[in-house]
Amino acid sequence: MMKRWWVCVALMSAMLLGAPGCSTNPATGKSQFNVVDEKQEIQLGVQAQPAFTKDNGGEIPSPAIRSYVNDLGHRLAAASERPQLPWTFTVVDSSVINAFALPGGKVFISRGLLAKMTNEAQLAGVLGHEIGHVTAQHIGQQMSQAMVLQGVVAGLGVAGGASNNDYLRVLGMGASAGGSVYLLKFGRDQESQADELGVRYMSRLGYNPVGQLQVMEILQKEAGSSNTVEFLSTHPLPQTRLDRLNALIKKSYPDYNTTGKYRFNQDEFKAAVLDPLKTLPPPKPAPAAK
């Protein structure tokens, strides 16, 4: 309770000092506090992308898989509320089961997660979910709150804005990018928002929203038998989130079982991803636990 009180005071102080404040997000329709404007968001994503790619094994050595994922990602992003962002979709050559997004539309998915999937709807669900974090500006909101608590935003009204290094420091990167990076964890409500937006985008392209549920089941199963499901460290998966997603699909997409209405594209995914994966050298191993 005390921490929440100080957050409220800090946010009010930042707004009174002239920092960018609350606005209505077009994707979620909800009011949000975000001091990171779109230009800064894009710059941060561009600046942080190389280090995140390197730290996660580099790009997968398959131009065909990279092109396939990138194409699907761009089609999903075009169906979102922020199609104008410079979207990129990177497949990293790591056995760790993970997917994440940086500010400004930089989305990553690991080879380890791809290998666990069985159809294109699942991939659309994961990419759509990460796109949802970007369109809902969850990373900017998390960074804004962290910066307020750290006192970075306190002088925005006088200084005219925080520097990129201030933002990168909150994101977990030193001024030189260095390579030691981490992602801010999302709350349950933000995860549910990203789930809802991901289902929105994938269904607009005709993918069955049940693919999103199938991914959740994959993650739950792998979490019980492996220590390489890093996705769950930044994307918590409580049962309530699954229940919300189930309820959303039944309420908003009651025709999900209608023959010919939605597709999974299992054969296409096998030919484009699973078969080529078998021909590649082994992926980078998961880093040793510290």
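The alpha-carbon of K221 sits under 20 angstrom from the alpha-carbons of these aspartates and glutamates, leaving out residues fewer than 8 places away in its chain: E120, E191, D195, E230, D243.
Electrostatic bookkeeping for V134 treats Lys and Arg as +1 and Asp and Glu as -1; over the other residues with beta carbon under 9 Å from its beta carbon, the sum is 0. What shape does the range 36-91 take by its C-alpha gyration tensor, where a ≥ b ≥ c are the square roots of the eigenvalues and a/c under 1.5 counts as rounded, a/b above b/c as prolate, and the rest as oblate? Oblate shape, in that a/c is at least 1.5 and b/c is the bigger or equal ratio. Given a cut-off of 18 Å, name the pairs among K116/K270; K106/K270; K54/K106; K250/K270 whose C-alpha atoms lie farther apart than that in the structure shown. Distance filter (> 18 Å) returns K106/K270; K250/K270. Using the Cβ of A27 as centre and a radius below 10 Å, the other residues enclosed give a net charge of +1, where K and R count +1 and D and E count -1.
Bear in mind that the values in this text are calculations on the coordinates, not laboratory data. All values reported here derive from a predicted model rather than from experimental measurement. Because the Cβ atoms are built from the backbone with ideal geometry, glycine has one as well, and the counts that use them run over all protein chains shown.
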